[in-house]
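Following: one structure in structure tokens, then a few remarks.
The values are calculated or read from the model by the stated rules, or taken from the named source; none is laboratory data. Keep in mind that what you see is a predicted model, and the values were worked out from it rather than measured. FYI the Cβ positions are ideal-geometry reconstructions off the backbone, even for glycines, and counts take in every protein chain you see. In case anyone asks, the SASA skips ligands and DNA or RNA and just uses the protein heavy atoms, side chains included. Shrake-Rupley method; radii C 1.70, N 1.55, O 1.52, S 1.80 Å.
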Amino acid sequence: MQRPAPQPQTTQRQVSDEIAERHRSEVDAAASAGRALAAHPRRDFAPYRSTVLRHPTHELVRADPEEIELVSPAFGHTDVAAEEADLTIQHTGEPLGERIIVTGRVLDGEGRPVRNQLIEIWQANASGRYVHKRDQHPAPLDPNFTGVGRVITGDDGSYRITTIKPGAYPWKNHRNAWRPAHIHFSFFGSAFTQRLITQMYFPGDPLFALDPIYQSIVDPAARERLVATYDHDVSEPEWAIGYRWDVVLTGPKSTWMEPEDADHA
Amino acid sequence: MPETAPPDPTGPDFDDEAFDAADLPGSHAPHPGAHRGGLGQTPSQTVGPFFGYALPYAGGPDVRAPWLPDAIRLHGTVSDGAGDPIPDAIVEIWGADAAGRPSTERGSFDRDAHGFAGFGRAAVDRAGHYAFTTIKPGAARAGSAPYLLVTVFARGVTHHLFTRAYFADEAAANASDPLLARVDESRRGTLVAQADGPGSYRFDIRLQGEGETVFLDYGTEV
């Protein structure tokens, strides 16, 4: 396959039209096949240009999970220090921006908590700049903010992080392309096949409709699951704005149980 | 957007005195997917290009200390549909121990140098190359061949891809493996790591095009 010529002058309008057309065709195809829209994004989503040469063209081969695929690495509290859940205390000074708390639960498809499992997060700073050498966005770095955190879920699958609301930032997918503000999250389920890396967004972002990464998820209800909810009970007076975001990792049921889990299923 | 709009604080009917955010739809709400019976899967999104300061960790590629006698090397290049190496992919492996059983050793990150936790993570270099040291797993059960589960994330990959690295020097076991048997013979080789030196196996990953790697669906492609 030939690499497509760069299209730096593709406009937002053109990309938005491509998104709308693809969504229509996916909805039609699902309706005529009598099936629901997929929750996961399309891998061959051309409006997101980097997918063009990076999606498999063959259908995936169905595999029966063996034991190794039905369990996950045993991360634990020895792996992660409690302070890693607070991204605002990693330097000598306070980071700039809007302090936020994000909390929620990680559940499996049956609503059972994903216990004592690792969550990793990373994000841009309040100005929309990543601490990454390839991020060339001319926005300031914050010497008091790295934007990396880790936390282990509790026995009820809950997590809680304190951070700074990230800024939107430009990218070069098309002319005047901007990513909605988001935090990257990495999850391990109780089975490795539940592994998930995704992005959490903030409610009401005007960039949602324009963003081919967010819109690579065709099902609007599934897209909505990536948007945190403002929760006034999570906000702390004189301190931080609170968001709630629950996560569901579905997958093959584990036939393997830790001894201490024997009574919770 | 929530299916029921919250009260508009600027609207004429908004009663500030009676406002209680806890009553808003969305506060303490069940997961949005719950409306449809059962919990809806949280969708994937690309790892993006800027994970390099976040996901790699010290010792991530060394699942087994390289100086131990049972250590093997698994390495290869991740490439795209034009055959070009991908410089911003990150690969994870997860494998059983020599007896074919998953490790339940805590401390996959902060592990003992003589331990084996089974999980590894390696970002590719600028030439798209990754390398792990680990151990060769045992087969999980009679009639199946040993393999490492391999997961690929990259910018432009909206949902990670699973594959398996089997071992070329396990020809007899591979011949009876149920998954390998299900794969078209012309593509089967993409699942097999080739020995390329003492204790070293090469496993290239081609996301698209000629020699495209066989990627797997464990029933989670919803």
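Could you list, in sequence order, all residues of the range B:200-222 that are of a type in the set (Gly, Ala, Ser) and modelled with pLDDT under 95?
Of the range B:200-222, the ones of a type in the set (Gly, Ala, Ser) are B:200, B:209, B:211, B:219.
Listed by number, the list holds a single entry, B:Gly219.
Can you find a residue that is touching a Pro at 6+ places or on another chain (Cβ under 7 Å), at pLDDT 95 or above and open to solvent by 10 Å² or more (accessible area, probe 1.4 Å) anywhere in the range B:78-85? Within the range B:78-85, one or more residues are touching a Pro at 6+ places or on another chain (Cβ under 7 Å), at pLDDT 95 or above and open to solvent by 10 Å² or more (accessible area, probe 1.4 Å). Exactly one residue among B:Thr134, B:Thr151 is at pLDDT 95 or above, over 30 Å from A:Ala46 (Cα atoms) and among the β-branched types (Val, Ile, Thr), and that residue is B:Thr134. Among the residues of the range A:231-240 satisfying the criterion of being more than 7 Å from chain B (Cβ to nearest Cβ) and open to solvent by less than 60 Å² (accessible area, probe 1.4 Å), which is farthest from B:Leu39 (Cα to Cα)? Of everything passing the filter in the range A:231-240, A:Ala240 is farthest from B:Leu39 (Cα to Cα). On the stretch given as the range A:42-64, residues that are in a loop (DSSP other than H, G, I, E, B) and among the small types (Gly, Ala, Ser) total 2.
Of all the criteria given as (1) over 29 Å from A:Gly128 (Cβ atoms); (2) among the acidic types (Asp, Glu); (3) at pLDDT 95 or above, the one not satisfied by A:Asp79 is (3). When A:Pro212, A:Pro166 are checked against the criterion of being under 16 Å from B:Phe51 (Cα atoms), surrounded by 22 or more Cβ atoms within 10 Å (Cβ to Cβ) and more than 8 Å from every other protein chain (Cβ to nearest Cβ), a single residue qualifies: A:Pro166. For the range B:53-67, the criterion of being open to solvent by 50 Å² or more (accessible area, probe 1.4 Å), farther than 30 Å from A:Glu110 by Cα, assigned to a loop (DSSP other than H, G, I, E, B) and acidic (Asp, Glu) is met by none of the residues. In summary, strands (runs of 3 or more DSSP E) completely within the range B:154-222 and bearing 2 or more residues that are away from chain A (no Cβ under 11 Å) and open to solvent by 10 Å² or more (accessible area, probe 1.4 Å) occur at B:192-197, B:200-202.
Anything in the range B:117-132 that is part of a strand (DSSP E or B) and either among the acidic types (Asp, Glu) or open to solvent by 20 Å² or more (accessible area, probe 1.4 Å) (or both)? List them, or say none. Passing the criteria: B:Ala123, B:His129, B:Ala131.
Could you please give the count of residues in the range B:155-179 that are closer than 30 Å to A:Gln215 by Cβ and among the small types (Gly, Ala, Ser)?
Of all residues in the range B:155-179, those closer than 30 Å to A:Gln215 by Cβ come to B:155-163.
Within this subset, residues satisfying the condition of being among the small types (Gly, Ala, Ser) are B:156.
Matching residues across the range B:155-179 total 1.
Only residues in the range A:185-200 that are within 17 Å of A:Gly109 (Cα to Cα) count as the first member; pair them with residues that are acidic (Asp, Glu), Cβ under 6 angstrom, at least 6 apart or cross-chain, and list the lot. Final answer for the pair search is A:Phe192/A:Glu69; A:Thr193/A:Glu69. In the range B:170-187, the residues that are hydroxyl-bearing (Ser, Thr, Tyr) reach residues that are open to solvent by less than 30 Å² (accessible area, probe 1.4 Å) and at pLDDT below 95 with C-beta atoms within less than 8 angstrom, at least six apart or across chains, in these pairs: B:Ser176/B:Ser144.
Can you find a residue that is surrounded by 22 or more Cβ atoms within 10 Å (Cβ to Cβ), within 11 Å of chain B (Cβ to nearest Cβ) and touching an Asp or Glu at 6+ places or on another chain (Cβ under 8 Å) anywhere in the range A:32-39?
Applying the first criterion (surrounded by 22 or more Cβ atoms within 10 Å (Cβ to Cβ)) to the range A:32-39 yields A:39.
Now narrow it down to the ones that are within 11 Å of chain B (Cβ to nearest Cβ): A:39.
If we keep only those that are touching an Asp or Glu at 6+ places or on another chain (Cβ under 8 Å) too, we end up with A:39.
Taking every residue of the range A:32-39 in turn, at least one turns out to be surrounded by 22 or more Cβ atoms within 10 Å (Cβ to Cβ), within 11 Å of chain B (Cβ to nearest Cβ) and touching an Asp or Glu at 6+ places or on another chain (Cβ under 8 Å).
When each of A:Ala221, A:Ala228 is tested for being crowded, with 19+ Cβ neighbours inside 10 Å and either among the small types (Gly, Ala, Ser) or more than 8 Å from chain B (Cβ to nearest Cβ) (or both), the lone residue that passes is A:Ala228.
As for the range A:2-16, it holds at least one residue that is modelled with pLDDT of 95 or more, out of contact with any helix residue (DSSP H, G or I) (no Cβ under 6 Å at 6 or more places or on another chain), open to solvent by 30 Å² or more (accessible area, probe 1.4 Å) and assigned to a loop (DSSP other than H, G, I, E, B). Applying the set (1) out of contact with any Lys or Arg (no Cβ under 7 Å at 6 or more places or on another chain); (2) within 11 Å of chain B (Cβ to nearest Cβ) to A:His55 leaves exactly one unmet item: (1).
For the range B:119-153, what are the residues that are within 13 Å of the chain's Cα centre (by Cα) and either facing chain A (nearest Cβ under 9 Å) or over 14 Å from B:Asp62 (Cα atoms) (or both)? Can you show your working first?
First, the residues of the range B:119-153 that are within 13 Å of the chain's Cα centre (by Cα): B:119-123, B:148-153.
Residues satisfying the conditions are B:Phe119, B:Leu148, B:Leu149, B:Val150, B:Thr151, B:Val152, B:Phe153.
Restricted to the range A:136-153, and to residues there that are in contact (Cβ under 8 Å) with a residue 12 or more places away in the chain and over 22 Å from A:Ala85 (Cβ atoms), the residue that is surrounded by the most Cβ atoms within 10 Å (Cβ to Cβ) is A:Ala139.
Can you find a residue that is at pLDDT 95 or above, at the interface with another protein chain (Cβ under 8 Å from one of its Cβ atoms) and under 16 Å from A:Thr198 (Cβ atoms) anywhere in the range A:130-153? Within the range A:130-153, none of the residues are at pLDDT 95 or above, at the interface with another protein chain (Cβ under 8 Å from one of its Cβ atoms) and under 16 Å from A:Thr198 (Cβ atoms).
Applying the condition of being modelled with pLDDT of 95 or more and small (Gly, Ala, Ser) to the range A:157-195 and asking which residue is farthest from A:Ala240 (Cα to Cα) yields A:Ala177. Within the range A:65-77, the set of residues being open to solvent by 30 Å² or more (accessible area, probe 1.4 Å), within 7 Å of chain B (Cβ to nearest Cβ) and assigned to a loop (DSSP other than H, G, I, E, B) comprises A:Pro65 only. Scanning the range A:90-113 for residues that are part of a helix (DSSP H, G or I), within 8 Å of chain B (Cβ to nearest Cβ) and either open to solvent by 10 Å² or more (accessible area, probe 1.4 Å) or among the acidic types (Asp, Glu) (or both) turns up nothing.
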